[in-house]
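Participant: Please see the structure below; I have some questions.
The values are calculated or read from the model by the stated rules, or taken from the named source; none is laboratory data. None of the values given here were measured: they were computed from a predicted structure. Note that we place each Cβ from the backbone using ideal geometry, even for glycine, and neighbour counts take in every protein chain shown. Accessible surface is based on the protein model in full, side chains and every heavy atom, while ligands, DNA and RNA are left aside. Shrake-Rupley method; radii C 1.70, N 1.55, O 1.52, S 1.80 Å.
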Amino acid sequence: MSMLRRRFLKGLVATAATFALPIQVAFAKNYLTIEQAQKILWPEQKLTSAPVDLTEEQADLIEDLSDIRVRNHHINGWRSEDGGWFIVDQVIGKHENIDLAVAISAEGKVMGIEVLTYRETYGDQIMHPKWRAQFHGKDSSEFLKLDKQIRNISGATLSCRHVTDGINRLNHTWSSVLSKITL
């Protein structure tokens, strides 16, 4: 029986190799829910849902200021009691989306970043609190560049670059749109 099983498997592998069947492995790691990230980034503050739909003109302005494409005109945001923002956003890792939660103060400074879901098979070193802490206090007055203000992580270069780009885009979203919204 074992001999038949081995021959079958060898035949199956040979057939797959002949036809070059692609094998895709799905991978996703959920680290936090939105509610958990809200409690981490805005402890002891009530957040009020405040979704925003960008106009074409606003999206173009953000793209011009940040030099980053606005892929989604809908901002999944919440306002804090003191006028800050909690935003759930996505950036591309190498091939898959990374779901992020970002807290921006009423003054437009990044207060924290949490990774909600990471879908790549490697590069999750961006989860390290020390790496994410590099963004604290950054705002739209400074264009963040990987290997300049933000350290790169070997093996996670694209994730690092795209998170950095996403923070640049969100900082300019705050300065050009969100800062002008009153409660």
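Participant: Is there a residue being open to solvent by 30 Å² or more (accessible area, probe 1.4 Å), in contact (Cβ under 8 Å) with a residue 24 or more places away in the chain, out of contact with any strand residue (DSSP E or B) (no Cβ under 7 Å at 6 or more places or on another chain) and in a loop (DSSP other than H, G, I, E, B) anywhere in the stretch 84-92?
Facilitator: So far as the stretch 84-92 goes, no, none of its residues is open to solvent by 30 Å² or more (accessible area, probe 1.4 Å), in contact (Cβ under 8 Å) with a residue 24 or more places away in the chain, out of contact with any strand residue (DSSP E or B) (no Cβ under 7 Å at 6 or more places or on another chain) and in a loop (DSSP other than H, G, I, E, B).
Participant: Residues that are surrounded by fewer than 16 Cβ atoms within 10 Å (Cβ to Cβ) and in contact with a Lys or Arg (Cβ under 6 Å, 6 or more places away or on another chain): does the stretch 130-137 have at least one?
Facilitator: yes
Participant: Here is a further query. Go through the stretch 93-107 and count every residue that is more than 21 Å from A156 (Cα to Cα) and either in a strand (DSSP E or B) or touching a strand residue (DSSP E or B) at 6+ places or on another chain (Cβ under 9 Å) (or both).
Facilitator: Number satisfying all stated conditions: 4.
Participant: Report, by residue number, each residue of the stretch 99-109 that is over 11 Å from the mean Cα position of the chain (by Cα) and either buried (at least 22 other Cβ atoms within 10 Å of the Cβ) or under 14 Å from Q45 (Cβ atoms) (or both).
Facilitator: A103, I104, S105, A106 - these are the residues of the stretch 99-109 that are over 11 Å from the mean Cα position of the chain (by Cα) and either buried (at least 22 other Cβ atoms within 10 Å of the Cβ) or under 14 Å from Q45 (Cβ atoms) (or both).
Participant: Separate question: What residue, among those in the stretch 142-183 that are assigned to a loop (DSSP other than H, G, I, E, B) and within 24 Å of N76 (Cβ to Cβ), is most open to solvent (accessible area, probe 1.4 Å)?
Facilitator: L183
Participant: Also, I was wondering about something else. Return the total of residues in the stretch 129-183 being touching a residue at least 60 places away in the same chain (Cβ under 8 Å) and of a type in the set (D, E).
Facilitator: Count: 1.
Participant: Do we have D124 as over 16 Å from V177 (Cα atoms) and either in contact with a helix residue (DSSP H, G or I) (Cβ under 7 Å, 6 or more places away or on another chain) or open to solvent by less than 50 Å² (accessible area, probe 1.4 Å) (or both) here?
Facilitator: no
Participant: Given (1) of a type outside the set (A, V, I, L, M, F, W, C); (2) open to solvent by 40 Å² or more (accessible area, probe 1.4 Å); (3) under 14 Å from the mean Cα position of the chain (by Cα), identify the lone condition not met by T117.
Facilitator: Unmet condition: (2).
Participant: Now, a different point. Does I113 satisfy the criteria of being modelled with pLDDT of 95 or more and in a strand (DSSP E or B)?
Facilitator: Against the criterion (modelled with pLDDT of 95 or more and in a strand (DSSP E or B)), I113 qualifies.
Participant: Among residues belonging to the stretch 137-183 that are of a type in the set (G, A, S) and modelled with pLDDT of 95 or more, point out the one that is nearest to T48 (Cα to Cα).
Facilitator: S179
Participant: Separate question: If you scan the stretch 54-79, which residues turn out to be part of a loop (DSSP other than H, G, I, E, B) and open to solvent by less than 80 Å² (accessible area, probe 1.4 Å)?
Facilitator: Answer for the stretch 54-79, where residues must be part of a loop (DSSP other than H, G, I, E, B) and open to solvent by less than 80 Å² (accessible area, probe 1.4 Å): L54, T55, I68, V70, H73.
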